[in-house]
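Notes for the one structure printed next.
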Amino acid sequence: MTKRIAHICIKSPDLEKTERFYCKGLGMEKGFDFLRGKTVVGFYLKAGNGTFLEIFHAEAETPGSFPIDHLCLEVDSIEETAASLKTVGAVLSPKKMGADHSWQAWTTDPGGVRIELHEYTPESCQTTGAPCRLPE
């Protein structure tokens with residue numbers, strides 16, 4: 001049986017910028033590097049609760065051609081996370097309440113992966129289990 005997501009692999013044309021975005025901007029911690037000889041070709045980032053992001057170097061692709069639509073990260077405070085991300089040059093959408101009763105904001109990492117930030121509320125469907133009513 002599945003226990004949890006082990007990792008999500010993201011391709012990056014610039015490992016240094018991507019590490020700065022996730023570590024300095026989002027406060028993640030590097031777990032370990034992937035080495036080919038003496039060259040760093042990727043790394044693991046600790047995403048909490050035994051889950052990880054796996055980042056590997058790859059040449060830039062056509063925008064939107066990534067095999068994932070977006071990555072959603074739960075954060076303690078969207079305002080604090082936004083302030084931190086802005087220090088590394090990230091642009092964020094305005095914070096808004098989603099249909100699931102969670103605060104959300106959007107940004108993009110240096111490789112083009114769309115990142116959704118979630119700040120749960122006591123009414124969030126993720127915590128209550130209530131159905132999420134989408135507009136028709």
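Bear in mind that the values in this text are calculations on the coordinates, not laboratory data. For clarity, every value in this text was computed on a predicted model and none was experimentally measured. Neighbour counts run over all protein chains shown; Cβ positions are idealised from the backbone, glycine included.
Counting Lys +1, Arg +1, Asp -1, Glu -1, what net charge surrounds LYS24 among other residues with beta carbon under 15 Å of its beta carbon? Intermediate values should be presented prior to the final figure.
Values: positive: LYS17, ARG20, LYS30, LYS46, LYS86; negative: ASP14, GLU16, GLU19, GLU29, GLU80, ASP109.
Once all neighbours under 15 Å are counted, the net charge is -1.
Describe numerically, in nm with one decimal, the distance between label points set 7 Å from Cα along Cα→Cβ at LYS95 and at LYS46.
Result for the modelled spin labels: 2.6 nm.
At 0.36 nm per residue, minus the direct Cα-Cα distance, what do CYS125 and TRP106 gain on full extension? Give it in nm, one decimal, please.
Values: separation 19, 0.36 × 19 = 6.84 nm, distance 1.90 nm.
Additional length available on full extension: 4.9 nm.
Compute the Kirkwood hydrodynamic radius of the chain, taking the inverse of the mean of 1/r over all pairs of distinct Cα atoms, and give it in Å to one decimal.
Details: mean 1/r = 0.0623 Å⁻¹.
Roughly 16.0 Å, rounded to one decimal.
For n ≥ 4 DSSP H runs only, could you compute -39500 (n - 2.57) per run for the chain, divide by its residues and tell me the 222 nm figure to the nearest 500? Could the numbers behind the result be given before it?
Values: 3 runs with 18 residues, N = 136.
Counting only the DSSP helices, I get -3000 deg cm²/dmol.
How much FRET efficiency would the formula 1/(1 + (r/R0)^6) give for SER77 and ARG36, where r is the Cβ-Cβ distance and R0 is 41 Å, rounded to 0.05?
Details: r = 38 Å, r/R0 = 0.93.
Calculated value: 0.60.
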